[in-house]
Protein chains: 2
Amino acid sequence: MPLPASVQPGSGQLAITQSFSVATAGAHDAGLDSGVQRLVGQLSRQTGIPFRPKPGATPTLQIHADHGLEAVQKLDEDESYQLTVSEAGAQITAPTTLGALHGMQTFLQLVTITPNGFAAPAVKIQDQPRFPWRGLLIDVSRHFIPLDVLKRNIDGMAAVKMNALHWHLSDDQGFRAESKKFPKLTGMGSAGQFYTQDEIRDVIAYAHDRGIRVVPEFDMPGHSRSWFLGYPELSSGAGPYTLEGGGIDPITDPTRESTYKFLEKFIAEMAKLFPDAYFHIGGDEVDGKQWDANPKIQEFIHAHGMKNNQDLQAYFNQRLEKILTKNHKIMVGWDEILHPDLPKTIVVQSWRGQQSLAVAAQQGYRGILSYGYYLDLMWPAARHYAIDPMSGAAASLTPEQQKLILGGESCQWAEWVTPENIDSHIWPRNAAIAERLWSPQEVTDVAAMYTRLNAVSLDLEWLGLTHRSARERMLQRMAGAEDITALRVLADVVEPLKDYNRWSDAQGPIDFHAPLNRMIDAVYPESDPARRLSDLVQAFAQSGYKDQAIEDQLRRWLTLWRDNDAKLHPLLQQSFLLQENVALSQNLSAVGAAGLQALDYLDKAQIAPDSWKTQQLAMIEQAKGRSANLLLMVAAPVGQLIEASAGGAPHN
Amino acid sequence: MPLPASVQPGSGQLAITQSFSVATAGAHDAGLDSGVQRLVGQLSRQTGIPFRPKPGATPTLQIHADHGLEAVQKLDEDESYQLTVSEAGAQITAPTTLGALHGMQTFLQLVTITPNGFAAPAVKIQDQPRFPWRGLLIDVSRHFIPLDVLKRNIDGMAAVKMNALHWHLSDDQGFRAESKKFPKLTGMGSAGQFYTQDEIRDVIAYAHDRGIRVVPEFDMPGHSRSWFLGYPELSSGAGPYTLEGGGIDPITDPTRESTYKFLEKFIAEMAKLFPDAYFHIGGDEVDGKQWDANPKIQEFIHAHGMKNNQDLQAYFNQRLEKILTKNHKIMVGWDEILHPDLPKTIVVQSWRGQQSLAVAAQQGYRGILSYGYYLDLMWPAARHYAIDPMSGAAASLTPEQQKLILGGESCQWAEWVTPENIDSHIWPRNAAIAERLWSPQEVTDVAAMYTRLNAVSLDLEWLGLTHRSARERMLQRMAGAEDITALRVLADVVEPLKDYNRWSDAQGPIDFHAPLNRMIDAVYPESDPARRLSDLVQAFAQSGYKDQAIEDQLRRWLTLWRDNDAKLHPLLQQSFLLQENVALSQNLSAVGAAGLQALDYLDKAQIAPDSWKTQQLAMIEQAKGRSANLLLMVAAPVGQLIEASAGGAPHN
C-alpha cells in the first residue's frame, strides 16, 4: 500500500533468510546507501533475523538508480521504479534514487511470514505515482510535537510513499520555528516549545534522506496571535496579547510599511532555512473584526479604492508574493487567497471544498486538495478514500486544467492531540489517503483497501509508530492496572465524536493545556470490530439469516459484549477518568443482549413481537447517541438484526 | 516496591493536579535537579497531565538533601530518606541526594488513580536499605545490548532502588569495551559491536545521575576467547581463534610475564575509564584443558611448587590483585577465586551456591550473593524472592561475619536474549530481587509481593521498558497479523523451559547469531494466569468446591482455553514460526475441556469414573511435558481439579 500502478504476479517466492543481502549499482549516492541501511534494519526488525550475508554470495536484492538524490528535492522528479522478484532474487531499477527508495518500500511490504519462512512472492511491478504532490500537514502549534515524534511520522510517510511534509509552524497558539532575526517570535510566542534552527535543519535532512520535501507554513494575516506577543506592532489592534487569547482574534496589519519590512527580513531568513521551492503563507480564516475596528485600516481601504477586507487581504498577499519571489520561493496558500491579482505561479490548497480546486484550475492556478483529508475530523478511512482530487467539480475540467491539480495533502490539526496520541490520529488512516494520491484512479475497492490498511498498520508499528500501542498504555493509565481486557473490549467498539462536535461541546475557547487523557483521547478514530460487525450483519442478511458460521461469530461477539459490563463496571468506578464511561459500558451490554435475543428469534423462525422490537430499537437509538463524547459503533448493526428478527427481512 | 523499612499510614490523600510542583532545598546539587526533572516527566507521562505550576504557590513536593552526590558514588553512602505525605503536601528529607532520589521513586509509586483524581495517600515513611550492594549483572558479550536498551534498564534499576550495574563486558563471544591501548580487543573480538570509551563514560554518567555505580567485569583467565582473536599470545594454546569457537576453550596463559605486562597496561587504562572503586575480574569456570595440554605451563606449575591448576589460578589472581591495588581498585571475582593467598580486601561473588558466601565470610572475605538470582533460568519471581543472602549457611554466621555480606546481584546472562526481549527476561521479576535486597528480612509475603510486582511492572513500562509490549510485537510478527487475540491466550499460559534445559536441547555449541524469534523467545518467563489459576483451584478446594464465584471464574477461563484451538489452529498453520506450537494449542484445548468436565462432576456431586480420571490424568501428564521448548503451566492445576472430581476431595 499504496497499490502499485501495475502488478504482474509470478510463480514461486523469494526466501528471506539470514543470508539476505543488498547491493547497489548506478549513480553512487549516500541517500541510496542510507536507504539500504534502513531497509536492512527494518527487515531485520520485522523478521527478527540478524542478517549475516555470506561473503561473495549473490546479493538477494540488487538496486540500480541512474541518478542520485537532488540536493533539494523537486516537485517534478521522476519517482518511478521497477521491482522484479523471483525465486532467485529481486531487482529494483529506477531513474532516480527517489524511485529506488519507493521500490524498497514496496519490497519491504512484500515480505510476509509463510508456512516455509519469511518470503516475498515472485512479482513484476512497474510503478509510478499518479500525483507529484502527496503531503501530510502536521500542526505543531496547537500542541507542540517533539522532534522524535515528528521523525517517526516522517518514517511513516516514507513507508506509504508520501513525499511532502507540510509543517504548520505557526498559529494563534504558538510560534514554533526559531528566528535569529526576531527572537521574540519564539521567545515570547512559544512558551519555550519550539524547534531551533539546527533542529529544523535536522528534520529537513531526515526527510530529504527519505524522499520527502518539507514545506513550511507561517500562517498570516490571520491565525497569527503568537507573533504579536513579541511584536504587537504587527497586529491590527492595540494588544497586549497572550497565547491563551480571548476577545477578538488579532490579525496582521497589512497597511503599515513596517509590517512588510519585518516580513522581508523574516522571509529572507526562513527562505534560507527551508530549501524547498514552495513556501506556505496560510491565508485562511481571516477574521476581519480587527480590521473593521481600526479606523486607520478602514481609511487605507478607502484610500486605495478597495471594496472590502477581501481586497485588503489580496493586497497583502500580493506584497507577500513579491517578497517570496525575491527569495526564489513559490507561494502556497489556503483557498481563501485565490484572487485574480495574484500571478499564476502560486499554488492554492483547497480545504473548504472540492469546488475551489476546480475554480482555481479554471483560472489557471495549480492546486492541491485537502478537503476530505482532514484526519482530525475522525472520519473512517473509507470516507477519505472515496474522495479523489479529480472527482466532483474537477471531473469536468479540461485535460490541460486537470494537469494543474498537483495532488493532495492530509491534515493533522492539533487541537486534540498530544505527542502521546498523535500517531493514532494519523495512522493507519493516512495510508488510505496516501494510496488515493499514488495509485491509479480506478483503485477504489474499499474491502481490499482495508485488508492492505491492516497489513500496513502492522508495518508502521515496526517502524516505531505508536498508533496501536499508545492506546494500551493510555487504557492502563485510566484503569490503573496492567490487565485491561474488559476495558479493551469497550474501547474496541467505540469511536470519538466526528467533525467539530467535540469543539461545540467544549463551550468556549479550548484550553490547549488541558490533559488529553480520557477515553476519547485513547480510542482509535475508527473501530475495526464495528466495521466487521456491520459487514457480517450484511452477509448474514444476504444468507437469509441462515449462515451458521456467521451466526456463530455474531454470537461470540454479542456474548462478549453482553457480559463485559459485569467485569468492567468495578474498574470504571474506581477511576475518575473512567467513571464517565459507565453508561457507555451498560449500553454495550444492552446492545449485546438485544442482539442475542434477535438471533434467538431468527433461529426459532419466530417473528419478534412488536412491543419488544419497539423497546429494543428505542434502546439502540439511545445507545447510538453520544456518551462521554464517544459513539458506540456497534449499536446500528445490531439495530438491523433487531429489525430483521421482527420481520424486517426473510429468515428461516 | 521495594517495601520501605517503616510505613505509617495517615488519613486522606494528596491530590496530584495540573498545578503539581517540586521545590528543592539543602545542598544544591545538579544530580538532585535532574532527579526532579525526571520525576516530573515521569509523573506527567503516568498521569497524562501536562503540569503547569502556579507561580508563587506552595510546592506540592518539597525535597531537602543535606549533601549532594559524591563525584564517585561509594558503597557505604547513606541511602536513607524520610517521606511524609499529607493532604497539604509531601516532603522528602535525606542526608544525601542518593537518599532523596530513592524517596522520589517511592513518591512516584504512591501516586495512583482514584475515583477523585490522581493522588498519593497520606503516609509517613522512614526507609533505608538492608544491604549496601544491590546489583544487576547484564551480560553484553553473548548478545550485544545497545546503549538505549542498557539505559532504560538502568532507569528500571533506579525505580526499584538497585544501586550497582555489573557490566559483564567480555566473554568468549565478544569483547565489548573499547581499549585505546589494545584496539584489536574490539577490533577483532567484537564483530563491530562494542561501546566506545565516550559511550562508556555516557553510561557511567547516566547511572551516576540515578544513584547507580557501574562495576565493569573483564572475565579472566577463562571465558576470554574474544581477547585472543587480536592477541593470541595471551592464550595458553596456539590459536588462531574465532568468536564462534570450537574445540577446547582457550584460556589466558598465567605463566608468561608478557601477560602481566599486557594486563598492567590494560587495567591501568580501564581503571581510569571506570571510576568505581570495585573492579570485577571474573575468575569463574576455568576450564584447565589448555593448561593441561601445554607442557610449558605444566612445567611452571611444578617449578613453582604448585599442586594443580587451582593453585595456578590463585597465583594469577594474586598477580592481578596487585595490579588492581596499584590502580586503587578493589578486586571482585566469582566464588572460584576464593583462596587464602588473596588479601581480605577482595569481594567474592557467590554463584554456585549459598555455601561459598558463608565460607568466604568465615574466612573474613566480603561477599555478594548471586546464587538464586539468575534471571536467565526463567524461575518464577517467588522462587528468587525466597532466597535471602542471610539464609542457608549464612544464617549461622556470627554478627561480625554477617556484616561481611554486602548484598546481592541478579544476573542476566545473555545466551538467549536480544535487545528485543531482554527487558522481559529481566522485568518485572528483577523487582522481587531488588525488594529482597532492600526491604527488611521479614518481608516475605508472596501474595503481597505479586500485588506490588504487578503495580511496579506497569510503572516500568511507563519508564520505557518493553517487558510487556515487546511480546505483542513478537506475537504479531509470528502471526503476520495485527489481531493476535487467540495467540495471546496461548502465550499467556505457557512458560519457557527452566534452568539449562534449553541448552541441553541445543545439542552442541549455541549459535549466538541464530534468530531468537520463536514463541519461547516471546513469552514471559512467568505466567500470571497460571499462577492465578493455581491459587483459584486452591481456594476452590478450601471452599469444598462450593464457591460459585470461583467456579464461574474457573469456567470462564477453561471455556476460553477449550475453545481457543479452533480459532488459533489456522493461524498456526500459516506461519513457519508457529507450526511447532500446534500440539501445545491442542493440549490447551484438551486441558480446558477436561477441567470443564471435572467441574460438571463436582457440580452434580457425582464421582467421576476411574477410567475417565485415568485417561484425563494421562492427558495432563503429557500436556505438562515440554512442547516446542515450552511448558503448559495450567495443566497441573487442572489435574488437581480432575483428581478432586474423582473423589480426591470432598464436594457437594
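The values are calculated or read from the model by the stated rules, or taken from the named source; none is laboratory data. Since we're looking at a predicted model, the values are computed, not measured. Cβ atoms come from the backbone with ideal geometry, glycine included; neighbour counts cover every protein chain shown. Quick note on the areas: whole protein, heavy atoms, side chains included, nothing else; ligands and nucleic acids left out. Shrake-Rupley method; radii C 1.70, N 1.55, O 1.52, S 1.80 Å.
Per residue of the range B:461-469, what does 6.51 cos²θ - 1.76 cosθ + 1.60 with θ = phi - 60° give for ³J(HN,Hα)? Whole Hz please, x for Gly and Pro, Karplus curve as stated.
Running phi through 6.51 cos²θ - 1.76 cosθ + 1.60 with θ = phi - 60° gives 5, 5, 6, x, 5, 10, 5, 9, 5 Hz.
Provide a whole-number value for the mean count of partner chain Cβ atoms within 10 Å of the Cβ atoms in peptide B:43-50.
Neighbouring Cβ atoms belonging to other protein chains average 5 per residue here.
Tell me which aspartates and glutamates have Cα within less than 12 Å of B:K624's Cα, excluding those fewer than 8 residues away on the same chain?
Answer for B:K624, where 12 Å is the Cα cut-off: B:E495, listed by chain and number.
If you take the beta carbon distance between B:A448 and B:A205 as r and set R0 to 45 Å, what does 1/(1 + (r/R0)^6) give as a FRET efficiency, to the nearest 0.05?
0.80
First measure r as the distance between the Cβ atoms of B:Q579 and A:A303, then evaluate 1/(1 + (r/R0)^6) with R0 = 60 Å and state the FRET efficiency to the nearest 0.05.
E(calc), rounded to 0.05, equals 0.15.
Please enumerate, by chain and number, the lysines with C-alpha under 27 Å from the C-alpha of A:K180, excluding those fewer than 8 residues away in the same chain.
A:K151, A:K261, A:K265, A:K272, A:K322, A:K326, A:K329
Quick check on the protein assembly as shown: of the DSSP beta bridges with both residues there, what percent are antiparallel, nearest 5%?
Within the protein assembly as shown, antiparallel bridges account for around 40 percent of the total.
For A:R436, what is the net charge nearby, where nearby means another residue's Cβ is under 13 Å from its Cβ and Lys, Arg count +1, Asp, Glu -1?
+1
Using modelled backbone amide H atoms (1.01 Å from N, in-plane), which distant-in-sequence or interchain residues come within less than 5 Å of B:Y195's amide H?
Close amide H contacts, sequence-distant or interchain: B:A177, B:E178.
Mind checking which aspartates and glutamates have their C-alpha under 16 Å from A:K289, skipping anything on the same chain fewer than 8 residues away?
Candidates past the 8-residue exclusion: A:D172, A:D249, A:D253, A:E299, A:D311.
Ignoring ligands, DNA and RNA, how much accessible area is buried between chains B and A, both sides summed, with a 1.4 Å probe, to the nearest 100 Å²?
Roughly 3400 Å² of accessible surface disappears when B and A pair.
Given axes a ≥ b ≥ c from the Cα gyration tensor, I'd like to know whether chain B is rounded (a/c under 1.5), prolate (a/b larger than b/c) or oblate.
Oblate shape, in that a/c is at least 1.5 and b/c is the bigger or equal ratio.
What are the ³J(HN,Hα) couplings of the range B:13-26, residue after residue, when phi is run through the Karplus curve with 6.51, -1.76, 1.60 and θ = phi - 60°? Round to Hz, x for glycine and proline.
8, 9, 6, 9, 10, 4, 8, 3, 8, 10, 10, 10, 8, x
For the range B:89-163 and the range A:50-94, what is the separation of their Cα centres, given in Å?
Cα centroid to Cα centroid, the span is 48 Å.
Using a 1.4 Å probe, what is the accessible area per residue for the range A:2-93, in Å²?
Accessible surface, normalised per residue, equals 48 Å².
Between B:Q553 and A:T325, what is the label-point separation in nm under the 7 Å Cα-to-beta-carbon projection?
7.7 nm
Using a 1.4 angstrom probe, figure out how much accessible area the range A:248-341 has per residue, in square angstrom, rounded to the nearest whole.
44 Å²
Tell me, what is the FRET efficiency for B:Q126 and A:N501 to the nearest 0.05, using R0 = 56 angstrom and their Cβ-Cβ distance as r?
0.60
Going by amide H atoms built from the backbone, whose H comes under 5 Å of the H on B:D253, apart from near neighbours?
B:S235, B:S236
What is the magnitude of the charge dipole of the range A:180-285 about its Cα centre, with +1 placed on the Cβ of each Lys and Arg, -1 on the Cβ of each Asp and Glu, and no other charges, expressed in debye to the nearest 20?
360 debye
For the range A:512-561, state which residues have at least 10 Å² less accessible area in the presence of all protein chains than in their chain by itself, taking the probe as 1.4 Å and leaving out ligands, DNA and RNA.
SASA drop of 10 Å² or more in the range A:512-561: A:H513, A:P515, A:N517, A:R532, A:R556.
Given a 1.4 Å probe, show me the residues in the range B:473-497 buried by at least 40 Å² of accessible surface when comparing the whole protein assembly to the chain alone.
B:R473, B:R477, B:E482
With heavy atoms of protein chains only and a 1.4 Å probe, what residues of the range B:90-119 have at least 40 Å² less accessible area in the full set of chains than alone?
B:I113, B:P115
Using Cα-Cα distances under 8 Å and only pairs 6 or more residues apart, what relative contact order does the range B:489-530 have, in percent?
72 percent
With every protein chain kept in place and ligands, DNA and RNA left out, what is the accessible area per residue of the range A:480-547? Probe 1.4 Å, answer in Å².
Result: 41 Å² of accessible area for each residue.
For the protein assembly as shown, which whole percent of the accessible surface, found with a 1.4 angstrom probe, sits on carbon and sulfur atoms?
On the protein assembly as shown, the fraction of accessible area on carbon and sulfur atoms equals 53 percent.
For every helix of n ≥ 4 consecutive DSSP H residues, a contribution of -39,500 (n - 2.57) applies; sum these over chain A, divide by its total residues, and give [θ] at 222 nm rounded to the nearest 500 deg cm²/dmol.
Using -39500 (n - 2.57) per qualifying helix, the result is -13500 deg cm²/dmol.
Once a ≥ b ≥ c are taken as the square roots of the eigenvalues of the Cα gyration tensor of the protein assembly as shown, is the result rounded (a/c under 1.5), prolate (a/b larger than b/c) or oblate (a/b not larger than b/c)?
Prolate shape, in that a/c is at least 1.5 and a/b is the bigger ratio.
Please sort by residue number the trypsin sites (Lys or Arg not before Pro) in the range B:101-199 whose DSSP state is loop and whose Cβ has at most 16 other Cβ atoms within 10 Å.
Sites meeting the loop and neighbour criteria: B:K180, B:K181.
For B:I63, which sequence-distant residues (separation of 5 or more, or a different chain) have an amide H within less than 5 Å of its own amide H, given hydrogens modelled in the peptide plane?
B:A23, B:T24, B:A25, B:I92
Please turn the phi angles of the range A:233-240 into ³J(HN,Hα) values with the Karplus equation 6.51 cos²θ - 1.76 cosθ + 1.60 (θ = phi - 60°), one per residue in order, whole Hz, x for glycine and proline.
5, 6, 8, 8, x, 8, x, x
Need the C-alpha centroid separation for the range A:210-274 versus the range A:318-392, integer Å.
Here the answer is 21 Å between Cα centres.
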